[in-house]
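This report concerns only the one structure given below.
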Amino acid sequence: MVSFDPQDPRDVLANGNVIGQTDTELTLPADFYRITLSGDGYVPPSWEGQIAGTLVTRPLEIRFSRA
Amino acid sequence: MLAALALASCGTTQYQNQSLGAGGANPERRSIAPPAPDRPVVLMTFSGGGSRAAALAAAVLRDMKGTTYVAADGLRHDLADDVRLISSVSGGSVTAAWFGLHGADGLDELHSAFLARDNMQTLELDAVNPITWFRLAFTSFTRIRAQEDLFDERLFHHATMADLNQPGRPFILPNATDMAGGETFTFTPQRFDDICSSFDALPVSTAVAASAAFPIALSPVDFKNNAVGCQGSIGSDEWAQIALSNPFSLFLNLPTYRDARYTNDLRHGKYPFRDIDYLHFLDGGIADNLGVKSLRSALIAPSDHAGGLNAINRGLIRKLVVILVNARSDPPSKIYQEPDTPGVIGAINAVVSVPIEANTANSQLALEALLTEIGKAADAARALHAGFAGMQIYGITVDYDQIPADTAEHRALRDQANLVPTSWTLTPAQLDVTEHAGRFLFERHPCYRRLLADLGATPPPGAEAPVNAACVTASAH
């Protein structure tokens, strides 16, 4: 789950490729990812880390907020 | 003739790809998303096996055209209209490319123009023609070009990949094997970015011939890697650089790491694993005879421009249908009746075929496991805010091993289907039994039957009776 301002849904990018939208649960193959959002005006500029071992019922939550 | 063939390697190699000029690009114009969310998304793989594979795939597509349902728009559609992607190998690439150009309405013409014709005679007549010897000996003409010419003359008539790469058309992904590295090379705009070559300019017959360049019998299809000094406007390889520069990917996701490494090598990137200046393609079946790797990438790889993962996460795919058409035949082996140690020919046959069969079985299992995993995730997410929540999965395999031995009629179908050779020529009886086997296996599959029920669809006239077995990839309602 990648959280941002619910009033301003953004595309979620994993390693530069669009994989879904903010504030919905997303599925991804296990790997190391750099997560960013479309557009600008958000912080942090990116999130980097391993995404593995998560479950639909126990997702990893990555938070972005307005700059 | 032999002298001419021996001299053939002395000719100047002709590279069949065109470099991307300044500003040239490889746009991807297709989309995996369905025209409406209630319409199923059908992804298919067609295996190799010469005209047997081409005919089996065509029989399944014809059955899909005969499977109709009324969608939410109030219009009657057929299942062949819902095909969004076909990953293909060798003989399967013939039908895949034809379908991509002409749709299901063109299947009758495929039958008359290719499947029912004696294509081997054309190739053999060409082989004994003195003009061919001259071309082999003194020009850049190669053995694979004869097959390529056959495809172009009989089927594709100078069509290029641009004709396949059009909005609204399905992704057609012919797969070849990079004979030096053993990598699967899939003919996509994205991969052509890596070698700085024009995807749209490539003749369809070249892609299909590369996918079907059976080793030893045919020479490889040759490409030059134009990545160094590329002037074209190519896509970013950020995903590959991230995969290669962190210490975790090779433990978390080795297949993606390997793909990133191959992408970096093709682009002549930093710290290459291999220096790739030229590519020589053989039959895609050597690396992956089912074409599963490309389908899997299109479905779940974040970096794949087919965008399957994005469509799943956005809830654009509500019914995912994955159909594997495997034309692997298993003719009786005389080795079982031989008390003596098999000779060199038997050993060579085993070395060529057994690993391909084992690889095929493994990749089939891996895809089935992936579909089951996605289905479970979709089921578990029903109460959550996830686009893929409740997505239905239908995994359908068409494989001669699924012809039962319960009746004399079924045993005869099984035995006759397994006797059909791998060749570009089938007798009318061989063609008939192959098409019959395709219809039989597809129409009886429990997941096809489940799909029919869920869509409220009508099967083709005279369809086989259903088998009372569960569709294991579909979640419970």
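Summary of computed values
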| read-out | value |
| --- | --- |
| Calculated over the protein assembly as shown: convex hull of Cα atoms, volume per residue (Å³) | 171 |
| For A:28-37, mean number of other protein chain Cβ atoms within 10 Å | 6 |
| Volume in Å³ per residue [convex hull over Cα atoms, computed for chain A] | 74 |
| C-alpha center-to-center spacing [the stretch B:207-254, the stretch B:297-344] in angstrom | 20 |
| Relative counts (whole %) of C-alpha pair distances in chain B, using bins that are 10 Å wide | 4, 19, 31, 26, 15, 4, 0, 0 |
| Per-pair calculated FRET efficiency, R0 = 35 Å: B:F273 and B:A366 via Cβ, rounded to 0.05 | 0.90 |
| Using θ = phi - 60° and Karplus 6.51 cos²θ - 1.76 cosθ + 1.60, couplings along the stretch B:334-350 (whole Hz; Gly, Pro as x) | 5, 4, 5, 9, 9, x, 8, 4, x, x, 5, 4, x, 5, 5, 4, 5 |
| Karplus (6.51, -1.76, 1.60) ³J(HN,Hα), θ = phi - 60°, over the stretch B:100-115, in Hz, Gly and Pro reported as x | x, 7, 10, x, 5, 5, x, 5, 4, 5, 4, 4, 6, 7, 9, 4 |
| Measure of compaction for the stretch B:417-477 (Cα Rg per 2.2 N^0.38 Å) | 1.42 |
| Averaged over A:9-22, number of beta-carbon atoms from partner chains that fall within 10 Å | 6 |
| Rg(Cα) / (2.2 N^0.38 Å) computed for the stretch B:282-392, rounded to two decimals | 1.49 |
| 3J(HN,Hα) from dihedral phi, the stretch B:366-375, Karplus parametrisation 6.51/-1.76/1.60, rounded to Hz, x for glycine, proline | 4, 5, 4, 5, 5, 4, 4, 5, 5, x |
| Distance violations [Cα-Cα > 28 Å] among B:K270/B:K376; B:K65/B:K224; B:K65/B:K376; B:K65/B:K319 | B:K270/B:K376; B:K65/B:K224; B:K65/B:K376 |
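FYI, it's all coordinate maths here, none of it is from the lab. Quick caveat, the model's predicted, so the values are computed rather than measured. As a convention, Cβ positions derive from the backbone with ideal geometry for all residues, glycine included, and neighbour counts pool all protein chains shown.
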